[in-house]
Amino acid sequence: MDYRKLDAALGRAVGAAEGDPGARDLLVLVRLTEPPTPAQLDELRRAGVDGTDTGRTILTGTLSRQDVETLSEQPWVRSLSLSGSRRPL
């Protein structure tokens, strides 16, 4: 896993998580270096990333620790951040 691409909160969540490493229980913000290619879109979809039908470079998804590890090692992924719950202003 490339921990340099993970923010501190996601690094802690991945390190502290117990149970099934394949369980999709981490809400993650994925930043890409450029809009994804069709092959990259397929990999993002398999990992549980939403909104992969557009040319966006910032996506979200509910990922497993294994998915975070796989995506962190991809050169086209700029960073991965733990997404917090939204609160009203």
Would you call Leu26 buried (at least 17 other Cβ atoms within 10 Å of the Cβ), in contact with an Asp or Glu (Cβ under 7 Å, 6 or more places away or on another chain) and closer than 13 Å to Ser83 by Cα? no
So Pro21, is it crowded, with 16+ Cβ neighbours inside 10 Å, farther than 14 Å from Leu80 by Cα and either of a type outside the set (S, T, N, Q) or touching a residue at least 12 places away in the same chain (Cβ under 8 Å) (or both): no
Taking into account only those residues within the stretch 1-58 that are hydroxyl-bearing (Ser, Thr, Tyr) and in contact with a Ser or Thr (Cβ under 9 Å, 6 or more places away or on another chain), which is modelled with the highest pLDDT? Thr33
Say we look at the stretch 4-18 and pick out the residues that are surrounded by 14 or more Cβ atoms within 10 Å (Cβ to Cβ) and of a type outside the set (Val, Ile, Thr); which of these is farthest from Ser79 (Cα to Cα)? Ala17
Cβ contacts < 9 Å: first residue surrounded by fewer than 12 Cβ atoms within 10 Å (Cβ to Cβ), restricted to the stretch 39-66; second residue acidic (Asp, Glu), any location; separation 6+ or different chain. Result? Arg46/Asp67
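Just the residues that are among the acidic types (Asp, Glu) and either in contact with a helix residue (DSSP H, G or I) (Cβ under 7 Å, 6 or more places away or on another chain) or over 20 Å from Met1 (Cβ atoms) (or both), please, taken from the stretch 40-65. Lay out the reasoning, then the answer.
Step one: of the stretch 40-65, the residues among the acidic types (Asp, Glu) are 42-43, 50, 53.
Listed by number, the residues that qualify are Asp42, Asp50, Asp53.
The values are calculated or read from the model by the stated rules, or taken from the named source; none is laboratory data. Since the model is a prediction, treat every value here as computed from it, not as a measurement. Reconstructed Cβ throughout: ideal geometry from the backbone, glycine too, with neighbour counts over all protein chains shown.
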